[in-house]
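Okay, so here's the structure we're looking at.
The values are calculated or read from the model by the stated rules, or taken from the named source; none is laboratory data. Given the structure is predicted, the values throughout are model-derived calculations rather than measurements. Positions of Cβ are backbone-derived with ideal geometry, glycine not excepted, and every protein chain shown enters the neighbour counts. Please note that ligands, DNA and RNA were not included when accessible areas were found on the heavy atoms of the full protein model with its side chains. Shrake-Rupley method; radii C 1.70, N 1.55, O 1.52, S 1.80 Å.
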Amino acid sequence: MALSGDTMRVFFFLAMVVCAAHAAKEAPKGKDAKKGDSAAAPGPSGGGGSSDISELGAKGDGKTDCTKALNDAWTAACGKEGAQTLTIPKGDYLTGPLNFSGPCKGSVTIQLDGNLLGTTDLKAYKTNWIEIQHVDNLVINGKGTIDGQGKQVWDNNKCAQKYDCKILPNSLVLDYVNNGTVSGITLLNSKFFHMNIFQCKGITVKDVTVTAPGDSPNTDGIHMGDSSKVTITGTTIGVGDDCISIGPGSTEINITGVTCGPGHGISVGSLGRYKDEKDVTDINVKDCTCKKSTNGVRIKSYEDAASTLTASKLHYENIAMEDVANPIIIDMKYCPNKICTKNGASKVTIKDVTFKNITGTSSTPEAVSLLCSDKLPCTGVTLDNVKVEFKGTNNKTMAVCNNAKGSSTGCLKELACL
């Protein structure tokens, strides 16, 4: 018997309901769903994702070794396309060396909400603690802390006694990173440098805090070398060595709104220690404050330099000094701990340097020290509106300018030495 059209529609509707119910019964659910099942199929290629270290075995108790969980989280994030996030939740996570290597398939953000603690077992390290290399479009942000736990190992630092000493691990190292941002985090008590930027381009460090005792050895805040287009802004640094050190091969560096102290100041150099060092040029330091630091703005090079290089186009403007020992200093006879050779054969050229609107107080009478080489004098040095005064007693503010050529404009008369 032929079925009517209405009957046929009812038949097909009932068949579809039965099939759908059967499919729902057979489909795997939740954690039982496999990657090959359509019900658990991932989103389209290029979508974002997250790797949380707490879901990979990390425990934020400050005692459990979380090295593997962190390295696994990086591998997962780096291996996926699109915007990926490596999440470090609140807690204290003890780790050994972390090697975050690229290139990555997408961009990676490290969201640091907890605290990373670097193991104090020095035998665990080959070189650095956290090393990120060959990565583009990197972001590190959050309110967490990278704690090197350096207090427990600083006694192992013999660099004050030995020229070629064994280097302790740096805390955060960026090697061959392009277009990176580090913001909001705290770097604490590194074993050696807190942050080292090498062979990078387009790095921004913003609203970061770097802290270590003023007498901690070689705990530079941020060091850079062979890098370009680096910006450091809104950052507070108090350490036992240079707040910021700008090494050989640095170009197009902008430092603004930085507070330094304690520490050895905002330095270019040291220059000339090693062979094949590259020139330093286009350095701008502006709107910064130095507080009770041993130096303010400093350029330093070895007298027994192993390289021939030039430092030029260095501009310092609107720098406030508060009780700083050497507010303005060019030291071409740099010889830390008196463990190098002084022979007067400098190979470093320093030229086109401007100190503008440098004001405040000096803790020593010598507010300006331009100690240039007699073989390679400093040239093109400008002192413009430099008004830093010694506030002590039994002496007066002074400037020492040796082998420096340039001009002085609008300075305290005691400081107009050019």
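A few comments on the model shown:
- Residue within the stretch 304-315 that is assigned to a loop (DSSP other than H, G, I, E, B), farther than 19 Å from D241 by Cβ and in contact with a Pro (Cβ under 8 Å, 6 or more places away or on another chain) present: yes
- Any hit, the stretch 201-217, residues being part of a loop (DSSP other than H, G, I, E, B), out of contact with any Pro (no Cβ under 6 Å at 6 or more places or on another chain), at pLDDT 95 or above and within 17 Å of T256 (Cβ to Cβ): yes
- Being polar (S, T, N, Q), open to solvent by less than 10 Å² (accessible area, probe 1.4 Å) and farther than 14 Å from I330 by Cα is not true of S301.
- Meets criteria (touching a residue at least 60 places away in the same chain (Cβ under 8 Å) and among the small types (G, A, S)) for G79: no
- Filter result (β-branched (V, I, T) and out of contact with any Cys (no Cβ under 8 Å at 6 or more places or on another chain)) within the stretch 397-418: T397, T409
- Scan of the stretch 268-294 for residues that are modelled with pLDDT of 95 or more, assigned to a loop (DSSP other than H, G, I, E, B) and in contact with a strand residue (DSSP E or B) (Cβ under 6 Å, 6 or more places away or on another chain), ordered by number: E277, D279, K292, S293
- Those strands (runs of 3 or more DSSP E) lying entirely in the stretch 50-99 with at least 2 residues closer than 16 Å to I110 by Cα and either aromatic (F, W, Y) or modelled with pLDDT of 95 or more (or both): 83-88, 92-95
- Among the residues listed as D155, D147, D121, the single one being within 18 Å of L187 (Cβ to Cβ) and acidic (D, E): D147
- Qualifying residue in the stretch 101-109 (condition: touching an Asp or Glu at 6+ places or on another chain (Cβ under 7 Å) and among the aliphatic types (A, V, I, L, M)): no
- Matching option when the condition is open to solvent by less than 30 Å² (accessible area, probe 1.4 Å) and either at pLDDT 95 or above or not β-branched (V, I, T) (or both), among C401, C417, C378: C378
- All conditions in (1) among the hydrophobic types (A, V, I, L, M, F, W, C); (2) under 29 Å from D215 (Cα atoms); (3) in a strand (DSSP E or B) hold for V108, with the sole exception of (2).
- Scanning the stretch 174-188 for residues that are within 21 Å of T85 (Cα to Cα), open to solvent by 10 Å² or more (accessible area, probe 1.4 Å) and either in contact with a Leu (Cβ under 8 Å, 6 or more places away or on another chain) or not polar (S, T, N, Q) (or both) yields D175, Y176, N179, T181, G184.
- Residue check, T231 farther than 21 Å from L98 by Cα, in a strand (DSSP E or B) and free of Cβ contacts under 8 Å to residues at least 60 places away in the same chain: yes
- Going through (1) acidic (D, E); (2) over 31 Å from the mean Cα position of the chain (by Cα); (3) part of a strand (DSSP E or B) one by one, D374 falls short only on (3).
- Here E322 does not fit the description of being within 26 Å of G240 (Cα to Cα), open to solvent by less than 40 Å² (accessible area, probe 1.4 Å) and either among the acidic types (D, E) or not in a strand (DSSP E or B) (or both).
- Taken together, K191, K126 contain a single residue that is in contact (Cβ under 8 Å) with a residue 60 or more places away in the chain and either surrounded by fewer than 16 Cβ atoms within 10 Å (Cβ to Cβ) or touching a Pro at 6+ places or on another chain (Cβ under 6 Å) (or both), which is K191.
- Criterion violated by G257 - all others in (1) open to solvent by 10 Å² or more (accessible area, probe 1.4 Å); (2) within 19 Å of N357 (Cβ to Cβ); (3) in contact (Cβ under 8 Å) with a residue 40 or more places away in the chain satisfied: (3)
- Candidate set from the stretch 270-298 (those that are within 11 Å of V348 (Cα to Cα) and not basic (K, R)); member that is surrounded by the most Cβ atoms within 10 Å (Cβ to Cβ): L271
- Some residue of the stretch 150-173 being open to solvent by 40 Å² or more (accessible area, probe 1.4 Å) and within 26 Å of T75 (Cβ to Cβ): no
- Reported count of residues in the stretch 58-69, each being over 13 Å from N115 (Cβ atoms), of a type in the set (A, V, I, L, M, F, W, C) and either open to solvent by 80 Å² or more (accessible area, probe 1.4 Å) or touching a strand residue (DSSP E or B) at 6+ places or on another chain (Cβ under 6 Å) (or both), is 0.
- Any hit, the stretch 243-252, residues being within 18 Å of the chain's Cα centre (by Cα), at negative phi and surrounded by fewer than 19 Cβ atoms within 10 Å (Cβ to Cβ): yes
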